[in-house]
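A short worksheet on the structure shown next.
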Amino acid sequence: MLKPAPYAMPIEKALFYGGWIFTALVLLFLIAPILAIVPLSFNAEPYFTYPMPGLSLRWYEDFFGNERWTGALFLSIKLAITVTIVSTALGTMAALGLSRAHLPARSVILGILLLPMIVPVIVVAVAVFMSFGYFGLIGTFTGLALAHTALATPFVVIAVTSTLTNFDWSLQRAAQGLGAAPVTVFRRVILPLILPGVISGALFAFVTSFDEVVVALFLSSAEQRTLPKQMFSGIREMISPTITAAATVQVILSICLLIGVELLRRRSERLRGIT
Amino acid sequence: MTETVATAPGLPWQFAAAERRGHLRAAVLILPLLLFVVVTFAAPVIYLLSRAIYDPSVAQTLPTTLQALQNWDGKDLPDEATYAALVADFKKVAETNSAALVGKRLNYEISGVRSKVIAAANKATEMTAPPYKDQLIALDKMWGDRLIWAKIKQAGRSYTDFYLLRSLDLERNVDNNIVPVAKSQAVYINVLLRTFYISALVTLITLALAYPVAFMLAHAPERLANLLLIFILVPFWTSLLVRTTAWFVLLQDNGPVNNLIQFLHLSDGPFKLIFSRFGTVTAMVHIQLPFTLLPIYGVMKGISPSYMRAARSLGGGPLYSFFRVYLPLTLPGIGAGCLLTFILCLGYYITPALVGGASDQMVSGVIASAMNQENNWGKASALSLILLFATFVLFFIYNRIVGIDKVKLG
C-alpha cells in the first residue's frame, strides 16, 4: 500500500503522504543520535563538534589500549558470561517447571519470578547495597554477579516460556515410552526444540548484565569498574571523548545481538511450524 | 477391557498419584530459581522497605531516657530524673559513635542539633553530680526547650512514621500531631509530582510520535515494514547508557545539534539544551519510543482491513471511519504501550542524572543522593516505598489488560 487507496479522497491523499513524511522524520529521530556518535569517535580533536577538523583513531587507541577501559571491558565480559550461564540454567529449569499444565499457584510463582523486571532499578540497587553489606558482598565479583543474575532471570523465563507455548508434550511421552531416561529425553528431544528460546534468553541475560549501570554504581568498589560504570564516570567526571569510541563499539555489539535474536526467532518459528 | 478397569479399584488414586508426581517434578524445577530470587532479590527489597518504618538508633542508645520520658506530659520541661537519665545514657555510650547517630537522627527533625547533641554527650562524661538539668541547659539552651524532648520521645519509637511522613512533606509537631512541614523544607511532593509530570509528558509525546508511524508501517508492504522496523529495533537494542551518552554528546553547547541550528541560521547564540528539562525529556522520548510503538504496531497488524473498507463503503468519511472504527480497535495497543512507557519512566535515574538539570531530578535521583550524599537510609527507603507502590499499582493494571508474561522482548 505505497499508494493511497483508489477510492481515497483528497484529504486522505494528503494524510497519506504527510504520514510518510512524518514517519521518515520520526525514524530519523530514532536512528540519527546513534549514527551521529559514530563519526565523532573518529574525530582528531577532543571536541564533540561538526565539522570535524581531521580523522584519527586516537579514541579507539585509548579504548583498546588504556588499562582503565580494557580492564572495564574485560570485567564486564567476565561478569556477563557468569550471569548468562547461571541465569540461563536457573531460568530454563523454572520455565520447564512452569509449563506444566494445571500447576497450582502458577501465576503467583510467575509473579515472584518476574519481580526483578518490574521493580525500578534504583530500588534494587539501594536494596542490595543495604543488605549485601551484612554478608561482605559489597565490592566483590560475587555480589555483582548475584545481583545481575537476579535481574537477568526474568528475561530467560519469558524467552523460554514463549518457546514452550504450543509445545507438543506428546513428543516427551513418546520418548519416555520408547525407554529414554529423563535426562536423555531432555537432552535429545526437549532441548533441541526449545534451544532458540534458551539462546535468545541467554542473549537477553548477557545484555542485561553487560548494559547494567545503576546496581554496579552502588555495589562495586572504586577499583571495580564495569564498562557501563566506566562510561558513566567518563561522562560525569572527565568528559573523555573515548566515550564516543566505547559507545560505537557497543552499538556494533548490539546490532550483532539483534541479528542473532532475529535469526533465532525465525528458526524457532520454523521449528514449531508457526510459519 | 472393562474387567481390567473393574479390577483396578485404585485407578483414580493412581491418576492422582501421577498428577502429584508431575507437580512435584515441576516444583523441583522451579524451586532453585524461586529460592534464588527470594534470597538475592525479594529479601533485600523487603529489608529496604522495612527501613522506611524501622529506625532503632535512638531507642538503642537512650533506653533509660525514653523510659523516664514515658510519664512526661509534654507540657512543661521534663523533671531532673529525665535529665539525669540522659546523662547516664550518654556516659554509657561514650567512646562509641552512638551519640552521633542520635544527633544525626534528631538533625533530620530540627536542623543544626547534631553538633549540640554530640557536644552534650561529650560534656556528659565530665558531669559527676546533679543538678544535671541546669548543667545541660547551661551548656545549650536547646535542652531547656520542650521541642527537643518531644522529638527524642517521637524518635525513640523504633517503628516510626517519620520518614514516610517526610516523603509527603508532613511531620509530627511538638504535640505529636501531623502537620505540613515548613515551606522551605517541603520538597518531596514536588519531586513526586515532577516525576509523574515528566513521565506523563514523555508518554504523551511518544504516543503522538508512535501512533502515526505504527499506522504507516502496519499498512505498508511487509518487506518495506520489516526494513523500516530496523530503525526502531536498533535503538531498542542499544543500551540505555549508550543512547544517553549519544544525547549527552549531541546536546552540548557546542555539540552537533547546536552546530545544526547555527548552520541553518535559526539562532545566533547556542541554545541551552543539555542539563535542562528539555534534555531529559528528549532523551527519554528517544529511549521510550520503541516501547510505546511496538505494542501499538502489533495490535494494528492484527486488524483486518475489511473493517475500514466496510466503514467506508457504508458511507463513513475517512476521519469519521477512523475515529469510530479504527481508533477504538487500537485502544488495547495504546493502553499497553503507554502504560509500559509510563511505568518505566517513573524509575528513570541515569538519563536525568546525565542530561537533566541538577535541580530537576526525578524521584530515583533523589533516592540516589539520599544514599550517596546524605547517607540517610530512612529517607531513601521511604521514597523507594512510594516509588515501588506506584509501580506495583500500575503493573497490576497492566497485568489485567495485557498480561505481564506477554511483555514484548523485541
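Among residues belonging to the range B:350-367 that are modelled with pLDDT under 95 and at the interface with chain A (Cβ under 7 Å from one of its Cβ atoms), point out the one that is surrounded by the most Cβ atoms within 10 Å (Cβ to Cβ).
B:Ile350
State whether one or more residues within the range A:208-231 are under 25 Å from B:Leu29 (Cα atoms) and buried (at least 18 other Cβ atoms within 10 Å of the Cβ). Even if it seems obvious, please write down each step before you answer.
Initial filter on the range A:208-231 (under 25 Å from B:Leu29 (Cα atoms)): A:208-209.
If we keep only those that are buried (at least 18 other Cβ atoms within 10 Å of the Cβ) as well, we get A:208-209.
Within the range A:208-231 (the criterion being under 25 Å from B:Leu29 (Cα atoms) and buried (at least 18 other Cβ atoms within 10 Å of the Cβ)), the answer is yes, since at least one residue qualifies.
Please work out which one of (1) within 19 Å of B:Leu241 (Cα to Cα); (2) part of a loop (DSSP other than H, G, I, E, B); (3) of a type in the set (Gly, Ala, Ser) is the condition B:Gly316 fails and give its number.
(1)
Please verify whether the range A:219-229 includes one or more residues that are hydrophobic (A, V, I, L, M, F, W, C), in a helix (DSSP H, G or I) and closer than 30 Å to A:Phe135 by Cα.
Yes: the range A:219-229 contains one or more residues that are hydrophobic (A, V, I, L, M, F, W, C), in a helix (DSSP H, G or I) and closer than 30 Å to A:Phe135 by Cα.
For the range A:196-228, give me the residue count where each residue is more than 11 Å from chain B (Cβ to nearest Cβ) and without any contact (Cβ under 8 Å) to a residue 24 or more places away in the chain.
Residues that pass the stated criteria total 2.
How many residues are farther than 23 Å from A:Ile118 by Cα and not β-branched (Val, Ile, Thr) when one looks only at the range B:355-378? It would help to see each step written out before you state the result.
Let us first name the residues in the range B:355-378 that are farther than 23 Å from A:Ile118 by Cα, namely B:355-360, B:372-376.
Imposing the further condition that a residue be not β-branched (Val, Ile, Thr) reduces the set to B:356-360, B:372-376.
Qualifying residue count, the range B:355-378: 10.
Return the pair list, or none, for Cβ contacts closer than 6 Å from residues in the range B:297-309 that are in the same structural domain as B:Thr206 (by TED's automatic domain parsing) to residues that are among the β-branched types (Val, Ile, Thr) and surrounded by fewer than 19 Cβ atoms within 10 Å (Cβ to Cβ), at least 6 apart or on different chains.
Cβ pairs passing all conditions: B:Tyr307/B:Val325.
Among the residues of the range B:363-404, write down those that are in contact (Cβ under 8 Å) with a residue 40 or more places away in the chain and β-branched (Val, Ile, Thr).
B:Val363, B:Val366, B:Ile386, B:Thr391, B:Ile397, B:Ile401, B:Val402
Please find, within the range A:217-258, the residue that is farthest from B:Asn372 (Cα to Cα) out of those that are among the β-branched types (Val, Ile, Thr) and more than 21 Å from the chain's Cα centre (by Cα).
Filtering the range A:217-258 for residues that are among the β-branched types (Val, Ile, Thr) and more than 21 Å from the chain's Cα centre (by Cα), the one farthest from B:Asn372 (Cα to Cα) comes out as A:Thr242.
For the range B:39-50, does any single residue satisfy the condition of being exposed (fewer than 12 other Cβ atoms within 10 Å of the Cβ), within 28 Å of A:Val160 (Cα to Cα) and within 14 Å of chain A (Cβ to nearest Cβ)?
Narrowing the range B:39-50 to residues exposed (fewer than 12 other Cβ atoms within 10 Å of the Cβ): none.
The answer is no; no qualifying residue exists.
Check the range A:129-144 and report whether any residue there is of a type in the set (Val, Ile, Thr), surrounded by 21 or more Cβ atoms within 10 Å (Cβ to Cβ) and either out of contact with any strand residue (DSSP E or B) (no Cβ under 6 Å at 6 or more places or on another chain) or not assigned by TED's automatic domain parsing to the domain that holds A:Leu258 (or both).
Going through the range A:129-144, the residues of a type in the set (Val, Ile, Thr) turn out to be A:138, A:140, A:142.
Checking which are surrounded by 21 or more Cβ atoms within 10 Å (Cβ to Cβ) leaves us with none.
Checked the range A:129-144: no residue is of a type in the set (Val, Ile, Thr), surrounded by 21 or more Cβ atoms within 10 Å (Cβ to Cβ) and either out of contact with any strand residue (DSSP E or B) (no Cβ under 6 Å at 6 or more places or on another chain) or not assigned by TED's automatic domain parsing to the domain that holds A:Leu258 (or both).
Can you tell me how many residues in the range A:131-155 are at the interface with chain B (Cβ under 9 Å from one of its Cβ atoms) and hydrophobic (A, V, I, L, M, F, W, C)?
Qualifying residue count, the range A:131-155: 6.
Please work out if A:Ser87 is facing chain B (nearest Cβ under 7 Å), at negative phi and crowded, with 16+ Cβ neighbours inside 10 Å.
Details: facing chain B (nearest Cβ under 7 Å): no; at negative phi: yes; crowded, with 16+ Cβ neighbours inside 10 Å: yes.
Here the answer is no, as A:Ser87 does not meet what is asked.
Which residues, taken from the range B:241-271, are among the aliphatic types (A, V, I, L, M) and at the interface with chain A (Cβ under 7 Å from one of its Cβ atoms)?
B:Leu241, B:Val242, B:Ala246, B:Val249, B:Leu250
Does at least one position in the range A:168-191 carry a residue that is under 24 Å from A:Ile118 (Cβ atoms) and either at pLDDT 90 or above or of a type in the set (Asp, Glu) (or both)?
Checking the range A:168-191: not a single residue is under 24 Å from A:Ile118 (Cβ atoms) and either at pLDDT 90 or above or of a type in the set (Asp, Glu) (or both).
Could you tell me whether any residue of the range B:182-193 is in a helix (DSSP H, G or I) and facing chain A (nearest Cβ under 8 Å)?
Narrowing the range B:182-193 to residues in a helix (DSSP H, G or I): B:183-185, B:188-193.
Adding the requirement that they be facing chain A (nearest Cβ under 8 Å) leaves none.
Within the range B:182-193, not a single residue is in a helix (DSSP H, G or I) and facing chain A (nearest Cβ under 8 Å).
Tell me, yes or no, whether the range A:5-16 has at least one residue that is under 22 Å from the mean Cα position of the chain (by Cα), surrounded by fewer than 15 Cβ atoms within 10 Å (Cβ to Cβ), more than 26 Å from A:Gly139 (Cβ to Cβ) and not small (Gly, Ala, Ser).
no
Just give me the residues in the range A:7-48 being touching a helix residue (DSSP H, G or I) at 6+ places or on another chain (Cβ under 6 Å) and among the charged types (D, E, K, R), in sequence order.
Residue satisfying the conditions is A:Glu12 alone.
Could you check A:Ile21 against (1) assigned to a loop (DSSP other than H, G, I, E, B); (2) surrounded by fewer than 15 Cβ atoms within 10 Å (Cβ to Cβ); (3) more than 9 Å from every other protein chain (Cβ to nearest Cβ) and say which number it fails?
(1)
Pairs under 9 Å by beta carbon, first residue closer than 13 Å to A:Thr208 by Cα and free of Cβ contacts under 8 Å to residues at least 24 places away in the same chain in the range A:70-83, partner surrounded by fewer than 16 Cβ atoms within 10 Å (Cβ to Cβ) and of a type outside the set (S, T, N, Q), six or more apart or different chains?
Between residues of the range A:70-83 that are closer than 13 Å to A:Thr208 by Cα and free of Cβ contacts under 8 Å to residues at least 24 places away in the same chain and residues that are surrounded by fewer than 16 Cβ atoms within 10 Å (Cβ to Cβ) and of a type outside the set (S, T, N, Q), there is no close pair.
List every residue pair whose Cβ atoms lie under 8 Å apart, where the two residues are 6 or more positions apart in sequence or sit on different chains, the first residue falls within the range A:2-22 and is within 15 Å of B:Tyr320 (Cα to Cα), and the second residue, located anywhere, is assigned to a helix (DSSP H, G or I).
Correct list of pairs: A:Ala8/A:Phe16; A:Ala8/B:Pro318; A:Met9/B:Pro318; A:Ile11/B:Pro318; A:Ile11/B:Leu319; A:Glu12/B:Pro318; A:Leu15/B:Pro318.
How many residues are in contact with a helix residue (DSSP H, G or I) (Cβ under 7 Å, 6 or more places away or on another chain) and either farther than 14 Å from B:Ile152 by Cα or among the small types (Gly, Ala, Ser) (or both) if we restrict to the range B:103-114?
The number of residues fulfilling the criteria is 1.
Taking the range B:223-255 only, how many residues are in a helix (DSSP H, G or I) and closer than 23 Å to A:Leu217 by Cβ? Spell out the reasoning first.
Residues of the range B:223-255 that are in a helix (DSSP H, G or I), as a first pass: B:223-237, B:240-250.
In the following step, the residues that additionally are closer than 23 Å to A:Leu217 by Cβ were identified as B:237, B:240-249.
Selection size over the range B:223-255: 11.
Name the residues in the range A:40-53 that are free of Cβ contacts under 8 Å to residues at least 40 places away in the same chain and either surrounded by 15 or more Cβ atoms within 10 Å (Cβ to Cβ) or more than 10 Å from chain B (Cβ to nearest Cβ) (or both), would you?
Residues satisfying the conditions are A:Phe42, A:Ala44, A:Glu45, A:Thr49, A:Tyr50, A:Met52, A:Pro53.
Do the conditions hold for A:Met93, that is, is it within 7 Å of chain B (Cβ to nearest Cβ) and surrounded by fewer than 23 Cβ atoms within 10 Å (Cβ to Cβ)?
yes
Which is surrounded by 15 or more Cβ atoms within 10 Å (Cβ to Cβ), more than 17 Å from the chain's Cα centre (by Cα), in the same structural domain as A:Glu212 (by TED's automatic domain parsing) and hydrophobic (A, V, I, L, M, F, W, C), of A:Leu151, A:Leu98, A:Leu171, A:Leu114?
A:Leu98
The values are calculated or read from the model by the stated rules, or taken from the named source; none is laboratory data. Keep in mind the model is a prediction, meaning the values are calculated, not measured. Quick reminder, even Gly has a Cβ in these numbers, built from the backbone with ideal geometry, and neighbours come from all protein chains shown.
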